[in-house]
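Just so it is clear, none of the values below were taken in a lab; they were calculated from the coordinates. For clarity, every value in this text was computed on a predicted model and none was experimentally measured. Glycine also receives a Cβ, built like all others from the backbone with ideal geometry; neighbour counts cover every protein chain displayed.
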Amino acid sequence: MRLSSVALIAILLPCAALAEPLIDGPSRRGPTFEAVEQAFRARVTDAFPPGTPLPDMVARLTDEGFDILDGYGEIERFGFPCNVVWRVLWRENNGIVTEVDVLHGGVCL
């Protein structure tokens, strides 16, 4: 039996490469900031459930362009008419994520 090219690629690529981007997924835009935040929250909590090693979470956030600060990662996009912020906040214990929350919002003209 021969594996198709698509099946072979799916097997060889790491899971993180196949994961939906945290902020650039299909639900990035929505009718309201609240709707986008709910979709963002769902993607983040699915990606980083309690028990996730903190270095793994920080590596993925960094790969996706988040600036890592003390206890949170943030992307700020400057644009017209809104500057938009995507923030992932966490609590950890001994390098293991115990809680994750998100913030999405903007300042608009």
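Under the Karplus relation 6.51 cos²θ - 1.76 cosθ + 1.60, θ = phi - 60°, what is the ordered set of whole-Hz ³J(HN,Hα) values for segment 75-82, x standing for Gly and Pro?
10, 10, 10, 9, x, 10, x, 10
Return the distance in nm (one decimal) between the two label points of a simple spin-label model at residue 41 and residue 63, each offset 7 Å from Cα along Cα→Cβ.
Here the modelled spin labels are 2.6 nm apart.
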